[in-house]
Amino acid sequence: MDKQIKMGAALSYLNIVSKNIVNFMYTPFLLRYVGQVGYGLFQMTNSVILSLGLLSMGFSSAYVKYYMVYHVQHDEESIRKLNGIYALLFIGISFVSLIIGAMLVFNTGHIFGAQLTSSQVALMRNLMMIMVLNVALTFISTIFDSNITVNEQFVFQQSRQLMQTFLVPVVCVPLILFGMGVLAIVITQIAVTIFFLLLNISYCLRKLKMRFKFSDMPVGLLKGLLSFSFFIFLNQMVDLVNNNVPNFILGILKGADLVATFAIAIQIKNMFYMLSTSLSGMFIPKVNRLVSLNRSTAELTDLMIRVSRIQMSVLFLY
């Protein structure tokens, strides 16, 4: 494996271990200081807002495919146009997410009011407003995240995520102790998102020399992006239903208390899921590059076998 993939994989597993340790310490702290109801309200809101992630429609994966096609052809002009299309596309998606999010904020009482008190509805509305802004900023960051991935800068990517793992509780815990309650969680999230958005932009423009062209953009390319992204979008829908809808339904029918308990169980499940996907995600650019170079099916199969062996070894140890 390439040096970036080896070091990125090591950092990725270190990040997973760190997240597990942090979560086992951070979650009990949250339950104690913001309360089970407050934590449940956060998880309910988070489940609703994460559904806005469907607006990305799998475009990030399509970016990797088309970037690699142009990269192997040394077509820098088309890469700049691709970057321009993605910038406009995700800025538009970000704007749409704000509109849909505003509708959710104004209708919070109608959606969850049956099982919540008026003060809980008001708190949830405030949580939702901040989280909608966070999602909108995340869409903007996706443009640069995709470029970092396709250039296989996994050391930077995983180092950034490792930093985020520790930065969130370091910022959030003092805010909670100062009496901000559950709002401290979402304020920390949006502050960290802004910080890493600026870091991503700086890294892509300075280190990776990412450039944009907004003129003469091929309309046919957008059609190809939509076609390629459709099946990825279907997969995202299935993941959303499996991971977020239970919290949403539980919150409507039973209130915030049970959502907090259920969310802890979901965290444990996600630990196992992260172990199974962290390594394979690093090979997406390489697989797309091999396909763009018309390499043989046998070479692709051999790569998948080697990656699968490593993943299976890690999962068996877990």
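The values are calculated or read from the model by the stated rules, or taken from the named source; none is laboratory data. Keep in mind it's a predicted model, so treat the numbers as computed, not measured. Quick reminder, even Gly has a Cβ in these numbers, built from the backbone with ideal geometry, and neighbours come from all protein chains shown. Protein only, heavy atoms only, side chains kept; ligands, DNA and RNA dropped before computing areas. Shrake-Rupley method; radii C 1.70, N 1.55, O 1.52, S 1.80 Å.
Miscellaneous remarks
- Of the solvent-accessible surface of segment 21-80, computed with a 1.4 Å probe and all protein chains present, 57% belongs to carbon and sulfur.
- In order along segment 205-212, the phi-based Karplus estimate (6.51 cos²θ - 1.76 cosθ + 1.60, θ = phi - 60°) of 3J(HN,Hα) comes to 6, 8, 7, 8, 6, 5, 10, 10 Hz; Gly and Pro are listed as x.
- Segment 12-27-segment 84-110 distance, computed between alpha-carbon centres (Å): 31
- Excluding ligands, DNA and RNA, the accessible surface per residue across segment 51-173 is 41 Å² with a 1.4 Å probe.
- Pairs spanning more than 24 Å between alpha-carbon atoms, out of K6/K81; K19/K209; K3/K213; K19/K286; K65/K213; K81/K209: K6/K81; K19/K209; K3/K213; K19/K286.
- Multiplying the residue separation of V170 and L199 by 0.36 nm and subtracting their alpha-carbon distance yields 8.6 nm.
- Prolate/oblate/rounded call for segment 18-113, Cα gyration tensor, a/c under 1.5 rounded: oblate
- Surface composition of segment 90-155: carbon and sulfur make up 71 percent of the accessible area, probe 1.4 Å.
- Remark: spin-label model distance I232-F106 equals 3.3 nm, labels positioned 7 Å along the Cα→Cβ axis.
- Accessible surface comparison of F59, F228, F29, probe 1.4 Å, protein chains only, largest first: the order is F228, F29, F59.
- Phi-derived couplings, Karplus 6.51 cos²θ - 1.76 cosθ + 1.60 at θ = phi - 60°, listed residue by residue for segment 8-19: x, 5, 4, 5, 5, 5, 4, 5, 5, 4, 5, 4 Hz, with x used for Gly and Pro.
- In order through segment 99-110: 3J(HN,Hα) via Karplus (6.51 cos²θ - 1.76 cosθ + 1.60), integer Hz, x for Gly, Pro: 5, 5, x, 4, 5, 5, 4, 5, 10, 4, x, 5
- Here the ratio of the Cα radius of gyration of segment 57-204 to 2.2 N^0.38 Å is 1.26.
- Full extension of the chain between F212 and D302 yields a length gain of 28.8 nm, computed as 0.36 nm times the residue separation minus the alpha carbon distance.
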